[in-house]
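> The structure's right below; bear with me while I get my questions together.
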Amino acid sequence: DTSAADTSISGSPSLPRLMSGSSKELSVIVPTYDEYENIRELCTRLFKATGKAGLKAELLVVDDESKGTKQTVDIVNELQKSYPIRIHCRRKAEGRGLSSAVLLGFSKARYNTLLCMDADLQHEPESVPAVAKPVLERKAEFSVGSRNVPGGGGVPWV
């Protein structure tokens with residue numbers, strides 16, 4: 001399917017995922033609400049970082065039917081020409097809020113290893129390979145990135 005807009009739903013999230021599959025495949029889930037201005041930069045930075053790390057990644061945007069949804073879809077359609085990016089435009093009947101958007105994205109992911117990040121670029125796309133590494137190497141079942149631990153960092157919130 002080459003269409004960016006995926007509006008179908010098939011059942012509930014299939015969690016937990018099996019600890020199988022390639023240790024170099026990663027699905028990155030990004031819930032959005034009127035954040036179309038960041039999608040292009042997030043996508044290019046993410047795929048530059050995952051490519052450098054030798055990862056096969058996909059980016060799945062779960063858009064929450066905001067006034068910016070049309071712009072988000074248009075940007076994803078354009079980016080699909082160069083990157084493995086998809087979008088699911090969630091309707092109100094499918095749920096509302098961040099947590100259910102993340103779970104919906106997890107259920108639609110192509111790969112067994114999942115990573116969720118914000119679209120506002122407070123989560124640095126360049127950190128994705130390092131955050132995912134313990135899970136990809138099967139040394140952990142999950143990993144949390146934080147700027148509040150030794151070695152953590154990021155840009156201060158304004």
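> Could you sort SER66, SER143 by accessible area so the largest value comes first, with the probe set to 1.4 Å? Don't skip to the end; give the middle numbers.
Values: SER66 15, SER143 45 Å².
The ranking, largest first, comes out as SER143, SER66.
> Hey, what D do you get for the stretch 50-158 in µm²/s if you plug the Kirkwood alpha-carbon radius into Stokes-Einstein at 20 °C and 1.002 mPa s?
Working: Rh = 15.6 Å.
The Stokes-Einstein estimate is 138 µm²/s.
> In addition: Could you order the peptides 128-141, 84-97 from most to least packed, using the average number of other C-beta atoms within 10 Å per residue? Let's see the in-between values first.
Numbers: 128-141: 15.3, 84-97: 17.1.
Descending mean neighbour count gives 84-97, 128-141.
> Could you tell me what fraction of 2.2 N^0.38 Å the Cα radius of gyration of the stretch 71-116 comes to, as a two-decimal ratio?
Details: Rg = 11.9 Å, N = 46, 2.2 N^0.38 = 9.4 Å.
Normalised Rg, Cα atoms only: 1.26.
> Put CYS43, CYS116 in order of accessible area, largest first, 1.4 Å probe: what do you get? Present the calculation step by step, with values, prior to reporting the outcome.
Details: CYS43 0, CYS116 55 Å².
Listed by decreasing accessible area, they come as CYS116, CYS43.
> Let me ask something else about it. Translational diffusion coefficient, Stokes-Einstein: compute it for the stretch 19-114 using the Kirkwood radius over C-alpha pairs as Rh, at 25 °C and 0.890 mPa s, and state it as an integer in µm² s⁻¹. Don't skip to the answer; put the middle values down first.
Details: Rh = 13.6 Å.
D = 180 µm²/s.
The values are calculated or read from the model by the stated rules, or taken from the named source; none is laboratory data. Just so it is clear, the structure is predicted and the values come from calculations on it, not from any experiment. Quick reminder, even Gly has a Cβ in these numbers, built from the backbone with ideal geometry, and neighbours come from all protein chains shown. Surface areas here come from the heavy atoms of the whole protein model, side chains and all, with no ligands, DNA or RNA. Shrake-Rupley method; radii C 1.70, N 1.55, O 1.52, S 1.80 Å.
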